[in-house]
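The values are calculated or read from the model by the stated rules, or taken from the named source; none is laboratory data. In this text, all values refer to a predicted model and were calculated from it rather than measured experimentally. All Cβ positions, even for glycine, are placed from backbone atoms using ideal geometry, and neighbour counts span all protein chains on display. Side chains are part of the model used for accessible areas, which takes the heavy atoms of the whole protein and leaves out ligands, DNA and RNA. Shrake-Rupley method; radii C 1.70, N 1.55, O 1.52, S 1.80 Å.
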Amino acid sequence: MASEEIGYRGPTACAAAGITYRQLDYWARTGLVEPSVRPAYGSGTQRLYSFRDVVVLKIVKRFLDTGVSLQNIRTAVQHLRERGFRDLERMTLMSDGATVYECTSPDEVHALLQGGQGIFGIAVGVVWRDVESALSQLHGERIDTGETLLGNNPADELARRRNRAV
């Protein structure tokens, strides 16, 4: 099934991105990373995140872990949003701690490194594969029917029973 047809609830997105539910909730409420599949509509409704949303959550977490300010992360996420998250998998995001740069070619990476200041990078393709691996072990939800989809965990009897009951 195509990943565009699958959504992930908050706890699953948190597990795959390595963040807390409190972080997820705060980032959604402040517009940093909002669920693109289904936002929360008040008490009792569940947000549903796309695969790309989860990749962006993990990128935000990596930037926070390296000391990039939330303000600079917001700018980077806004840039990604404006690009429509196209070619995300082929991108390298780099930062000197003050600014986040998008590099799509080795020449751009090299030019940043020539500046002499400390630079760190996030190869989004690696994050992409990490998220794919994590989500393959967790539950997704079909966007069209709401059916719970099992990860590659054959031992999850409770989810199988839930699907049969529906």
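In this simple spin-label approximation, Ser133 and Glu82 carry label points 7 Å from Cα along the Cα→Cβ vector, and these lie 3.4 nm apart.
Using 12 Å as the cut-off for backbone N distance, which residues of region 6-30 belong to the label zone defined by a point 7 Å from the Cα of Ile143 along Cα→Cβ? Of the residues in region 6-30, 6-8 have backbone N under 12 Å from the label point off Ile143. Each residue, Leu70 and His110, gets one label point 7 Å from its Cα in the Cβ direction; the gap between the two is 3.9 nm. Protein heavy-atom surface of region 56-99, 1.4 angstrom probe: 45% of the accessible area is carbon and sulfur, with nucleic acids and ligands not counted. For Tyr21 and Glu102, a Förster radius of 41 Å and the Cβ-Cβ distance give a FRET efficiency of 0.90, rounded to the nearest 0.05.
Solvent exposure of region 45-142, expressed per residue, is 49 Å² of accessible area, with all protein chains present and a 1.4 angstrom probe.
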